[in-house]
Amino acid sequence: MIILEDRLSGLDEKKRMKIINSAMEEFSRNTYQKASTNRIVEKAGISKGSLFNYFKSKKKLYEYLEMFSIRVIADAVVEKLDWKEPDILTRIKDIVIIKLEVCRKYPYLLEFSKRIYENKSVDEMKAIFEEYVPNIYDKVYHENIDFSLFKEDKEIKETMNILIWTFEKMGEDYLKRIESGERIKIDELSDEVDRYIVVLRKGFYRRDSRTRE
């Protein structure tokens, strides 16, 4: 398990978020070579000396953001997810909402993550998360999940992939709207996810297990 040294841990939350968001915005909109620490400190409202006091170099700042982008999502999921929830559809819905809340706090997180991981495969991405939080994917999609809810004629692995892809795409669409400056209401997202869940339960769950509609 990777332990991330948080060089900004001593700062108050508002200042810390401003530095992270300013840096993520700059690296999202520019290549690493063209990203400017001058623009970062200007938007963050700090001196360049302060920035390099926290991070000895532009490279160290970038490396910090790489790990932060993993940690902030993983930690939120680990801390906020109901691990006793047996219904995978409800669990996936909760994860979508957790991610949305994180990205509302850090609006450039999605775009920054795409830039730094754009040349990595899904398996490579999973390996990175697994290195930080061992077995997180197995825990999320298997721990305490009641697979007897599914129809007997459904292949579990393929069905799970369909469910995950559906909600990941929905979550990504909402995150893009956040990036564009739109304010997303959690209730709006929750209601839309619930509508999808009703349809998916009808398609994949046994009739006598649809107790959550």
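The values are calculated or read from the model by the stated rules, or taken from the named source; none is laboratory data. The structure displayed is predicted, hence computed values, not measured ones. As a convention, Cβ positions derive from the backbone with ideal geometry for all residues, glycine included, and neighbour counts pool all protein chains shown.
When Glu143, Glu179 are checked against the criterion of being charged (D, E, K, R), surrounded by 13 or more Cβ atoms within 10 Å (Cβ to Cβ) and modelled with pLDDT of 85 or more, Glu143 stands alone in meeting it.
Checking each residue in the stretch 115-135 for being under 12 Å from Ile70 (Cα atoms) and touching a residue at least 24 places away in the same chain (Cβ under 8 Å) picks out Ile116, Ile128, Phe129, Glu131, Tyr132, Val133.
Within the set Val102, Val133, the sole residue that is crowded, with 17+ Cβ neighbours inside 10 Å and modelled with pLDDT under 85 turns out to be Val133. For the stretch 73-111, name all the residues that are within 8 Å of the chain's Cα centre (by Cα) and either hydroxyl-bearing (Ser, Thr, Tyr) or within 18 Å of Pro134 (Cβ to Cβ) (or both). Of everything in the stretch 73-111, those that are within 8 Å of the chain's Cα centre (by Cα) and either hydroxyl-bearing (Ser, Thr, Tyr) or within 18 Å of Pro134 (Cβ to Cβ) (or both) turn out to be Ile73, Ala74.
Within the stretch 94-108, the set of residues being under 17 Å from Glu13 (Cα atoms) and among the aliphatic types (A, V, I, L, M) comprises just one member, Val102. Selection of the stretch 74-91 for residues being more than 18 Å from Trp165 (Cα to Cα) and of a type outside the set (Asp, Glu) yields Ala74, Ala76, Val78, Lys80, Leu81, Trp83, Lys84, Pro86.
The residues of the stretch 30-61 that are part of a loop (DSSP other than H, G, I, E, B) and more than 17 Å from Lys15 (Cβ to Cβ), listed by number, are Asn30, Thr31, Tyr32, Gln33, Lys34, Ala35, Ser36, Lys56, Ser57.
Annotation: of all residues in the stretch 1-50 being among the small types (Gly, Ala, Ser) and in contact with a helix residue (DSSP H, G or I) (Cβ under 7 Å, 6 or more places away or on another chain), the one that is nearest to Arg115 (Cα to Cα) is Ser28. Would you confirm, using the coordinates I've provided, whether Thr159 is closer than 17 Å to Pro86 by Cα, of a type in the set (S, T, N, Q), out of contact with any Ser or Thr (no Cβ under 9 Å at 6 or more places or on another chain) and at pLDDT 75 or above? Yes; evaluated as a whole, the condition is true for this residue.
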